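Encoded as structure tokens, the structure appears first; notes follow it.
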Amino acid sequence: MRKILLLSMLLVTGCGNESNTTSGGKNSIPNNKTAAAQSKDYHLVLEAEAAVIGAPFKVAEEKGVSGGNYLRIPIIGKDQKTKAWKDPSMKTGRAELAAEIPANGEARVWFRTYWGGTCSNSAKLVLPSGAQQTIGGDETYKVWHWVRAPRSLTLKKGSQTFSIRPREDNIGIDQIIVTTDKEFVPQGIESE
Ligand SMILES: [Ca+2]
Ligand SMILES: [Ca+2]
């Protein structure tokens with residue numbers, strides 16, 4: 001009985017910090033007239049490790065990734081008592097990546113990711129508008145692969161900062177694509 005109770009507690013505890021953070025943004029409904037007048041197609045390929053980072057983010061080296069580096073949150077804690085969600089840096093950590101957006105319009109954001117497992121398969125994306133999305137949550141583990149932020153974004157022309165925030169440890173992000181091409185699906189390492 002005690003074992004069953006403990007097991008169910010573990011299941012409820014899950015990975016910690018698991019709240020669904022996807023939320024609407026102020027700018028999620030485009031102004032069609034403005035967008036039509038000024039929109040222009042673009043396709044930006046960014047290196048995630050170019051972000052300005054604070055703990056728990058690190059820049060890690062790996063031969064097989066784009067540019068030889070990627071953004072990583074290492075494994076934090078060895079057991080249930082010291083796991084990642086107990087670490088204050090999981091709440092305060094930021095990786096801020098600035099991109100020069102060439103035109104107003106609706107874009108999609110893709111991430112080339114490496115997930116360590118079911119408790120290591122997501123991160124948060126905070127958009128220039130302040131809206132948040134959870135990226136990942138898919139079940140492709142221990143292999144580099146692309147995941148798309150679930151909702152497209154309305155972005156303004158000019159320098160915009162994308163903020164990646166921790167949600168789980170033992171994750172990697174290699175490249176980020178911001179594109180107006182709705183049909184585009186990245187494969188492997190991408191170049192502009
Ligand atoms: Ca997870
Ligand atoms: Ca990279």
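FYI, it's all coordinate maths here, none of it is from the lab. As the structure is a computational prediction, the values presented were derived from the model and not from experiment. In this analysis, Cβ positions are derived from the backbone assuming ideal geometry, glycine residues included, and neighbour counts consider all displayed protein chains.
Most tightly packed first, judged by the mean number of other beta-carbon atoms within 10 Å of their residues, the peptides 67-73, 171-177 read 171-177, 67-73. For Tyr141 and Glu100, what does the FRET efficiency come to when R0 = 35 Å and r is the distance between their Cβ atoms, rounded to the nearest 0.05? For Tyr141 and Glu100, the calculated efficiency is 0.55.
In this rough spin-label picture, where each label sits 7 Å from Cα along the Cβ direction, the Asp79-Val59 distance is 3.7 nm. Note on Lys40: aspartates and glutamates with a C-alpha under 13 Å away, same-chain residues under 8 apart excluded, are Glu106, Asp181.
Measuring from a point 7 Å past the Cα of Ser129 along Cα-to-C-beta, which residues in segment 135-151 have an amide N at less than 14 Å? Answer for this model: 150-151.
The calculated FRET efficiency for the pair Lys40 and Asn69, based on their C-beta separation and a Förster distance of 30 Å, comes to about 0.45.
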